[in-house]
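The values are calculated or read from the model by the stated rules, or taken from the named source; none is laboratory data. From a predicted model like this one, the values you see are computed outputs, not experimental measurements. Cβ sites come from the backbone with ideal geometry, for glycine too, and all protein chains shown count toward neighbours. All accessible areas refer to the heavy atoms of the entire protein, side chains included, with ligands and DNA or RNA removed. Shrake-Rupley method; radii C 1.70, N 1.55, O 1.52, S 1.80 Å.
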Amino acid sequence: MPLPTQERRLVTAIPGPRSQELQQQRDAALPVGLGMTMPVFVDHAGGGILVDVDGNQIVDLASGIAVTSVGAADPEVARRVSEQVERFTHTCFLVTEYAGFVDVANALNRLTPGDHAKKTALFSTGAEAVENAVKIARVHTGRPAVVVLGHAYHGRSLLTMSMTAKNVPYKEGFGPFAPEVYRAPSPYPFRWPGGPEASGEEALAALKDLVVSQIGAHHVAAIVAEPIQGEGGFIVPPPRYLAGVADFAREHGMVFVADEIQTGLARTGAMFACEHEGVVPDLVTTAKALGGGLPLAAVTGRAEIMDAVPAGGLGGTYAGNPVACAAALGALDTIEKQDLVGRAREIEARVLPRLSALVGPDSVVGEVRGRGAMLALEFVRPGTTEPAPDVAKAVAARCHAEGVLVLVCGTYGNVIRLLPPLVIGDELLDDGLSVLESAIAAENG
Ligand SMILES: *Cc1c(COP(=O)(O)O)cnc(C)c1O
């Protein structure tokens, strides 16, 4: 199938009649607990465009939540997947092996920060990768506790939802939660009581106090942190904070786990977001962009930590599925050959100045932040830091009606995040931004 023309085009209202019909079927067949951002059904996609079942061409500024960084129909991914599907779809790597699993592991061992000896285990979802990072850290240290941050998002399984900060919708009613999960404040510069300048040092001091005086450092297996917090609102920690956490973890024999599931693999204008801070984590979790759209996740880290778990302790029926591995090899190839790290930086250079111009004392945009092609706007009551989730929602709705897909996130539901495929063209990106600017202008009155 050829790539859709890279232009926004609306031929019906959004959603169109065919999407509405499918929506009715969905509502009858699916539980309401499955949320949805934009009520259109996709027929095909590619580059920066999603084509819906009514023929509308929608600008994709979401990438299926940072997954389709190489586009939703990358030829390298498609070719390798088709070839693999015809050879075999599954053996279970724990039963009989295949080379693709080892190839993906080698690629991640090479690409993740640090030049120490590394090993990689593959899984299917991000939550599974985070769970396994904790399992590995617990066996390696012989300690139970896990320290996470405010505004963190680590998944929806029992352990990872316990590690996730936000109650509604991720935790409400789903308790009791997993024990031995402790939360230190996130240094959220825009909202730090002592101001952004103090946020890093004060948050680090609070984390150390929590670990030393409340948990006991010798009980802590791991500190798990997103180098830029994703679902929590694209919160970029202040300079030196992450390095401070990593150093503190090392001093006390705790494993420092960077959850790079959303930030990793070129998204932030570095292969891994930790690199912006020169931080080398002990373990790194990846998923989202790794599989080029197919479900694949990984834990990569220091060989001696990864080898702590005895044979049989790690795995899963589908973990490192051969079709997903083929897709990942295609996606990684595209990321490297097309220099999508560089492209993410270009996207930042193109988008950030336009977004930054929207901030002001009379504007609903209180702050613009992020790195690379992971950028966000935080909406507030003008001149205050009071969250304005209604405004974020209204801006997103205007964008959706105009055929531009944006996502809302944040602990207070007041952040619009931009996660375009890294292969999106400049013209399409500019067009999407113009729609977003008009939507914000309408809210500013
Ligand atoms: C999406 C995400 C996860 C969970 O990944 P799933 O594949 O949805 O289980 C974990 N951590 C971070 C930082 C994420 O963004």
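Distance between the C-alpha centres of the range 91-124 and the range 329-363: 28 Å, rounded to the whole angstrom. P(r) tail for the range 114-263: Cα pairs beyond 26 Å make up 21% of the total. When a 1.4 Å probe is rolled over the protein heavy atoms, the share of accessible surface on the range 39-81 that falls to carbon and sulfur comes to 61 percent.
What's the Kirkwood radius of the range 301-417 in Å, using all Cα pairs? Mind showing how you got there, number by number?
Numbers: mean 1/r = 0.0565 Å⁻¹.
Radius from the Kirkwood sum: 17.7 Å.
Of all aspartates and glutamates in the structure, those lying under 15 Å Cα to Cα from residue 208, and not within fewer than 8 positions of it along the same chain, are 247, 251. Cα-Cα over 29 Å: which of 337/393; 119/171; 288/337; 118/337; 166/337? Beyond 29 Å between Cα atoms: 337/393; 119/171; 166/337. Once C-alpha pairs closer than 8 Å and six or more residues apart are averaged by separation and normalised to the residue number of the range 77-337, the relative contact order reads 31 percent. Ranked by the mean number of other Cβ atoms within 10 Å of their residues, highest first, the peptides 63-71, 356-364 come out as 63-71, 356-364.
Among 110, 240, 9, the sequence by solvent-accessible area, most first, with a 1.4 Å probe is 240, 110, 9. Mean residue ellipticity at 222 nm, helices only, the chain: -11000 deg cm²/dmol; runs of at least 4 DSSP H residues each add -39,500 (n - 2.57), and the sum is divided by the number of residues.
Convex hull over the Cα atoms of the range 77-337, averaged projected area in nm²? The partial results should precede the final answer.
Numbers: hull surface 55.6 nm².
Seen from a random direction, the Cα hull of the range 77-337 projects 13.9 nm² on average.
Keeping every protein chain present and rolling a 1.4 Å probe, give me the accessible area per residue for the range 77-337 in Å².
Numbers: 10020 Å² over 261 residues.
With the other protein chains kept in place, the range 77-337 gives 38 Å² per residue.
Candidates 313, 88, 359 compared by Cα position along the dipole of the chain: farthest toward the positive end lies 313, with charges placed on Cβ. In the chain, Rg over Rh equals 0.96, where Rg is the alpha-carbon radius of gyration and Rh the Kirkwood radius from pairwise Cα distances.
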